[in-house]
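As C-alpha cells, the structure follows; a few thoughts come after it.
The values are calculated or read from the model by the stated rules, or taken from the named source; none is laboratory data. Because the structure is a prediction, the values reported are computed rather than measured. A quick note on method: Cβ atoms are made from the backbone with ideal geometry, for glycine too, and the neighbour counts reach across all protein chains shown. Keep in mind that these areas ignore ligands, DNA and RNA; they rest on the heavy atoms of the full protein, side chains included. Shrake-Rupley method; radii C 1.70, N 1.55, O 1.52, S 1.80 Å.
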Amino acid sequence: MIGTPFIPLVRSNLSATRRTTLWLPVLILLLAAFARLWHFSAAPPGLQHDELFYAQDGRSIIEDGNWRIFYPNNQGREGGYIWFLALAYLMFGASTVMVKIPALWISLLTLAMLYRFTRDVFSYRAAVIALGLGAVTFWPIFIGRVGLRAATLPLVGLVVLWGVWRVCYRKMPVQNWWQRWRAALLTGIVLGFAAYTYTAWFALYAAYAAFIPGLALFDRVRFRPRWRDLAIIGVIALVLALPMIRLYFDGTITQARVNTISKPWTDFRAGHPELLFNNARLLAAMPFYTGDPEWRYNIAGRPFFATPLGLFVYVGLLIVLWQMRRKPINTMLLALTFAGLIPSLLTTSAPSFLRVIIIFPALLMYVAVAIDAISRLGKSVNWSRIAWTVGIFGVLVTAAVDWPAYFNVWVRNDEVRSIYREDLRLLGNYLREQNEPLALVSTNAPADYLDPLLYRYSNPQGNHTNIVWFDGHVDIALSEKPSLLFVSPLAKITDPQKDWLTQANGTETLSPLLAPDGKLLFDVYRISATGTVLQDRVKQASQWPISLITPQSFSSTDISQWSVPLAFPINFGNLLQLRGVYVPQGKPLPQYANLTDWPGINMQLYLQPLVEHYPTPINIFVHVLSADGRTIVGQRDFMGVPATSWNKAITFMQDHYTGFPENVIGKYYVTLGAYNVQTGERLPILDANGKAIGDRILLAAVENTAK
C-alpha cells in the first residue's frame, strides 16, 4: 500500500501500481498550474521594471542577435533566463504573456523535479506532500507568476541533486559508453548551466563539493566505483562555468550593487558583527516567524509558512541530518541549504526570499520528511494513515491561508501596485474605449525603457491613441488642440504648472481613472491650450534676453564686451526648439543677478519638438560656469519628455532647477545646450538658414556676495 514503511536509500516507497501512484501528483500539478494561471494578467497587478529589462534583452536576442552570457543593464544579469524569454518572444511577441510564461514553465518543472527527487530519495508520501505544499504555498506561487531570473536556480538545483543521486545509486550499465556516462555528462552540463542562472549559483557548487567527501566518508563502497563519474560532473561544470567566472575576474561583472547591499559583511570585517548576527537570527526563523521585509516580493515580514507547519522544517532538517550516514546525498541537500543562506546573510533586507530562493525546495522537503516520519512511530496505531491525514490537512490549510494572502492581500497593497504597474495596464483598457488621437500622461518613469515600454507590453494589441509621456515633477505637456491629460499620483503636477489645470485656462476636470476596488490610478483632465493662453505665455517667455556663446566668450567679466544676442526660438539640430525662458531670480543680460543664500537657480524652459518620436535619447544640459568659463560648478542634465514621446503638436514647460554645490563668492554664468545621450555629442544651434552657429547659449549671469 501507499503507506508501507519507509525504505532508505535507493528505492522509493512504491508498492501500489504505477497508475495509482501517478494520478495524485498529476492532479496536484494541474492544481499548481491553475494557481499560477488564475488571474494571469492581474496578479501581480501589472509588470515591474525589472521584468522589462529581462524582456527587452530577450527580445534583442531575436531582433538584433544580441546573445550574451551576461547582460550588463540594470546592474547586470546572467543570461540563462533571458534565453528562455527569447523563445517566449518568438511564440507570443512583446506582451505580458511573453514576460511571464517562462516563469510558469520553470515553476511547474521545478515542482515536477521536487516530486521526483523526493520520491526517489525519501518516499512516495513525502514526495506527494512536498509537491502539494509547493503547489499552494505563497512564495512558490509568487515566483511562478513573475518574470525574474532567480526562478531558474531551484529547478537547476533539483536536477543536479537528482542527477548526482542517480550517478551514485543507479544500476551501472555496461553496454556502451553513452549509457555508462550519460547521467554524469548531463548532470555536469546542468551544473555548469547553473552559473548562468542567478547570483547565488555558487551555493550549488559548494553543495556538490561538500557531497564528495560526504560520500567518501559515509559510503566508501559506493564512492570507489563512482569517483570517476563525480569527477566528470565537476570538470564539465567548471569548464562550462569558466566564461562566467572570468567575467568576475576581469571586472565585467562589477560589485557596484553588491557594495550597496553588503553592509552586514562590511561591518563584520570592521569588527561590528551585530548586523550579521541579526541576519542569522532572522534567517533561522524564516520558515515560521520572520519574512522578507519588502512588499516587492512578499507580504512584508510574512514567513515562508504562515502556519505552525513551518516548525516541521526544523524537525525534517534534523531527520535528514540523522539519516546522512545511510543517505550521503543528504550531505549535499544540507550543504545546499546552509550555503544558500549566505547571499542573504551577508546583505541587507534579511531574510531576502529572492536571494535564498535555492533553498525553498529543501524547506518543502523538510516539512514532508517530518510528516512522513509519523508513519514510523509504531505498529499499534495506523500511523501511516495519520501521516497521510496530517500531510493532506497541512496542504489544505496552507492553500486556505496562502491563496487569499497572495490574491487578496498582496495584490491589493498600494506599494505593490506602485511597483507592478496596474495603472498602465488599466490605462490601456481605458484608451481603447476612447477615440482620442492624443493623450498626455504624467508618470514618474517616462523614459522609453520604463513606463512607455511597460505600457506596450501590457497592451500588445495597442490602440489608436498617440501618447506623450512626461514627468509631472518637472514638466507639463500641452497640446495645440484639446487633449486628454492623465496625472498619476506618483507624478503630480507641481505648483508652478498647476494653473494649467484650472478652468480659467480652459481645462475641464473629468472623472478619475480608478482600479476595480476604487483606488485612484490617474486624475483625468481635458486640457486646452488653444486660443491665446499658450501663445501669450510663450510670447512673454521669449522676451528673456539670451546670448550665443562663442570661442571669444568669457574674455572678461563685462558681458557686454563679448555677448552675441540671440532671439527665440533656438533651433537645436532641427530636432528641438527652445521657445522661451523664464528665470524668476535672474535679471536681463548683461546684468548680474545677486544671489544671497546660494541654493541654486530656478528656470522654466519652453520647449517644442521639431520631430516625431525621435529614437535616440536627447537631454538638455544646464551648466553653471566659473567667471573664466572653464569650470563647471553646478550642473543638471535631463529631459522631462523623452524623445521617443515627442510630438510636434505639443509644447512642454520644463522646470530646470540647477543647484550650486558650494558657497563661493564670485561671478558665474548659467549656460544651456542639448546633446545626444548615447554619443555625448552636442546638438548644433542652427540659424534661419540652417547654418550651425554654436552649441550653447548664455541664459543668465549671477553673482554671489554672501559671506
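Points worth noting:
- Charge dipole (debye, nearest 20) of the chain; +1 at Cβ of Lys and Arg, -1 at Cβ of Asp and Glu: 4180 debye
- Panel note: the C-alpha atoms of segment 27-123, placed on their principal axes, show extents of 47, 31, 25 Å (largest first).
- Gain on full stretching of the segment that runs from Lys539 to Phe277 - 0.36 nm per residue minus C-alpha separation: 87.9 nm
- With N as its number of residues, segment 486-599 has a Cα radius of gyration that, divided by 2.2 N^0.38 Å, comes to 1.52.
- Candidate values (1) 1.22; (2) 0.98; (3) 1.08, label of the one derived for Rg/Rh (Cα atoms, Kirkwood Rh): (3)
- Solvent-accessible area of segment 509-655 (1.4 angstrom probe, protein heavy atoms only): carbon and sulfur portion equals 50 percent.
- Relative contact order for segment 662-707: 50 percent, from Cα pairs under 8 Å spaced at least 6 residues apart, divided by residue count.
- Computed from the C-beta positions of Val677 and Leu186 and an R0 of 45 Å, the FRET efficiency is 0.45 to the nearest 0.05.
- Treating each Cα of segment 334-450 as an identical point scatterer and summing with the Debye formula, the log10 of I(q)/I(0) at q = 0.15, 0.17 Å⁻¹ comes to -0.96, -1.06.
- P(r) tail, segment 543-635: Cα-Cα pairs separated by more than 16 Å, 65% of all pairs.
- Isotropically averaged projected area of segment 584-698, using the convex hull of Cα atoms (one quarter of hull area), nm²: 8.2 nm²
- Point-to-point label distance, Asn505-Arg385, nm (Cα→Cβ direction, 7 Å offset): 7.8 nm
- Summary value for the chain: 11 percent relative contact order, contacts being C-alpha pairs under 8 angstrom separated by 6+ residues.
- The heavy atoms of Met324 present about 40 square angstrom of accessible area, all protein chains included, probe 1.4 Å.
- q = 0.11, 0.13, 0.16, 0.17 Å⁻¹, segment 511-577: log10 I(q)/I(0) [Debye, one scatterer per Cα]: -0.57, -0.66, -0.78, -0.82
- Neighbour net charge for Ala35 - beta-carbon separation under 15 angstrom, K R +1, D E -1: +2
- Proximal aspartates and glutamates to Lys327, defined as alpha-carbon separation beneath 17 angstrom and excluding residues fewer than eight positions away on the same chain: Asp120, Asp219, Asp372
- Here the sum of -39500 (n - 2.57) over DSSP H runs of 4 or more residues, divided by the residues of the chain, equals -13500 deg cm²/dmol at 222 nm, to the nearest 500.
- Shown here is the pair-distance distribution of segment 123-167: with all Cα-Cα distances grouped in 10 Å bins from zero up to the longest one, the shares run 23, 46, 28, 3 percent.
- Stretching Ser626 away from Trp178 to a fully extended chain increases their span by 153.8 nm, per 0.36 nm per residue minus the current alpha-carbon distance.
- Pairwise FRET efficiency - Asn602 versus Thr307, Cβ, R0 = 60 Å, nearest 0.05: 0.60
- Signed unit charges on C-beta, dipole axis of the chain, positive-most listed residue Phe193, Val121, Pro452: Val121
- Ligands, DNA and RNA are left out, and with a 1.4 angstrom probe the accessible area of the chain is 42 Å² per residue.
- Cα pair distances in segment 310-376, grouped into 5 Å bins until the bin that holds the longest one, percent each: 4, 18, 24, 24, 16, 9, 4, 1, 0
- Within the straight-line cut-off of under 28 Å between alpha carbons, the lysines reachable from Lys667 are Lys587, Lys707, sequence neighbours fewer than 8 places apart in one chain being disregarded.
- Cα point-scatterer Debye curve for segment 71-227, base-10 log of I(q)/I(0) at q = 0.18 Å⁻¹: -1.18
- More than 13 angstrom apart: percent of Cα pairs within segment 174-226: 69 percent
- Ile386 contributes an accessible area of around 60 Å² to the protein surface, as traced by a 1.4 Å probe with all chains present.
- Shape summary of segment 380-431, radius of gyration then Dmax from alpha carbon positions: 19.8, 69 Å.
- In units of the rule-of-thumb radius 2.2 N^0.38 Å, segment 195-343 shows an alpha carbon radius of gyration of 1.26.
- Rough spin-label spacing in nm, given labels placed 7 Å along Cα→Cβ, for Phe249 and Asp495: 5.9 nm
- Length-normalised contact order of segment 423-532 in % [C-alpha pairs under 8 Å, at least 6 apart]: 28 percent
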